[in-house]
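A short worksheet on the structure shown next.
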Amino acid sequence: MYDVYGIIGNPVSHSLSPIMHNVAFKELGIKAVYGAFLVKEENLKKAVEGIRALNIKGLSITIPHKESIMKFLDEIDRVALEIGAVNTIVNENGYLKGYNTDWIGVLKAFTKNEVEIKDKKVVIIGAGGASKAVVYAIKAGGAKEIEVYNRTFEKAKTLEKNFGIMAKPWNELKNASGDIIIQTTSVGLKSWKSPVEEEVLSRFKIAMDIVYIPLKTKFLSLAEKYAKVIDGLQMLLYQGVEQFRLWTGIEPPVKLMEEAIYKEVKKMEKEIKKEMK
Ligand code: ATR
């Protein structure tokens, strides 16, 4: 018998998680399959009932359900509660526990790329859903100063209240400086746009984007003249690696997973090339 895992979100058709997890199951000879389930917001409660009814062993949760799913679970891990978002469910005989591995993905993306966060000044662009796990990770990494710039200032203020970072108005982004800059908005996703000018990027030594379509966003391509850059697939990879560990207790084949998702994004880039012009 095969165990079933999957991802729920909307949209979900372009998710790289099925490729990443299925390659790992296959390599390790684990009898399991991972699918993608399109779940609309109004069907989320029923979808959670379905996890129990069908005994789906584990799920990834993506946009727009990471926050709204929390109320339907039996238990939420302490860190996921602090972040305020769940991206992973583990099903233990019908008992559903929610975790957040996004923040681990962020931290691992830095350590694997040999970037030290401790005592650094970090500038984060964006205060949406994805930003919360980034802020949590950077705090956990021991940054000395964290500034969050967001178009809607109140959202940055909420992060300031919850995480003790410094909220900054969007129009001051042009004066930002520091050691590390992290792009968490959707600007640059499938479009040749950057939320910051090259001059701002010239003031940083490390730049990370969480957007990965295209792999080299305009933000990263401007930044790489001055900084070491980390693309968005690194965070995706390592949050998935941690999910795999939670579900199976087994160490996954990270290199194979990495190769599989980079190959798939290259294919996707070809498809969206026309849209990007
Ligand atoms: P996600 O879960 O991917 O973070 P989100 O919660 O909708 O998605 O957040 C999107 C982020 O991108 C927000 O920080 C948003 O800024 P607002 O809070 O002002 O909406 C930011 N964003 C999206 N489009 C933007 C744009 N054109 N310029 C600047 N910021 C933008």
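The values are calculated or read from the model by the stated rules, or taken from the named source; none is laboratory data. Bear in mind that the values here come from a model prediction, so they are computed numbers and not experimental data. Using ideal geometry, Cβ is built from the backbone for each residue, glycine included, and neighbour counts are taken over all protein chains shown. Just the protein is used for accessible areas: all its heavy atoms, side chains included, with ligands, DNA and RNA removed. Shrake-Rupley method; radii C 1.70, N 1.55, O 1.52, S 1.80 Å.
So what's the angle, to the nearest 10 degrees on a 0 to 90 scale, between helix 232-248 and the longest Cα principal axis of the chain?
It works out to around 30 degrees.
With +1 on the Cβ of every Lys and Arg and -1 on the Cβ of every Asp and Glu, and nothing else charged, how large is the dipole of the chain about its Cα centre, in debye rounded to the nearest 20?
480 debye
Using a/c under 1.5 as the rounded threshold, could you call the range 144-277 rounded, prolate or oblate? The axes a ≥ b ≥ c are square roots of the C-alpha gyration tensor eigenvalues, and prolate needs a/b larger than b/c, oblate otherwise.
oblate
Skip the ligands, DNA and RNA, and give the accessible area per residue of the range 95-217 with a 1.4 Å probe, whole Å².
Per-residue value: 43 Å².
Calculate what fraction, in whole %, of the accessible area of the chain sits on carbon and sulfur atoms when a 1.4 Å probe is rolled over the protein chains.
52 percent
How do 209-217, 148-156, 67-75 rank on mean C-beta neighbours within 10 Å, highest first?
209-217, 148-156, 67-75
Can you give the accessible area of L189 in Å² (nearest 10), computed on protein heavy atoms with a 1.4 Å probe?
Approximately 80 Å² of L189 is accessible to the 1.4 Å probe.
Relative to the longest principal axis of the chain, what angle (0 to 90°, nearest 10) does the C-alpha long axis of helix 254-276 take?
Tilt of helix 254-276: around 60 degrees.
When all C-alpha to C-alpha distances in the range 73-222 are sorted into bins of 5 Å, what percent of pairs does each bin hold, rounded to whole numbers?
Binned Cα distances yield the sequence 2, 10, 19, 21, 21, 14, 7, 4, 2, 1, 0.
Rounded to whole Å, give me the distance from the Cα center of the range 228-246 to that of the range 62-134.
12 Å
Along the range 122-134, what does the Karplus equation 6.51 cos²θ - 1.76 cosθ + 1.60 (θ = phi - 60°) give for ³J(HN,Hα), rounded to whole Hz, x for Gly and Pro?
Once θ is set to phi - 60°, the couplings for the range 122-134 become 10, 10, 10, 9, x, 9, x, x, 5, 5, 4, 5, 5 Hz.
Give the residue from I213, A85, N55 lying farthest towards the positive end of the charge dipole for the chain; charges sit on Cβ (+1 for Lys and Arg, -1 for Asp and Glu) and the dipole is referred to the Cα centre.
I213
Ranked from highest to lowest mean number of other Cβ atoms within 10 Å per residue, what is the order of the peptides 106-118, 238-250, 260-272?
Put in order of decreasing packing, that is 238-250, 106-118, 260-272.
Considering all alpha-carbon pairs of the chain, what whole percent are spaced by more than 30 angstrom?
That fraction is 29 percent.
Quick one: divide the alpha-carbon radius of gyration of the range 62-127 by 2.2 N^0.38 Å and tell me what you get.
In units of the globular-protein estimate, the range 62-127 measures up at 1.34.
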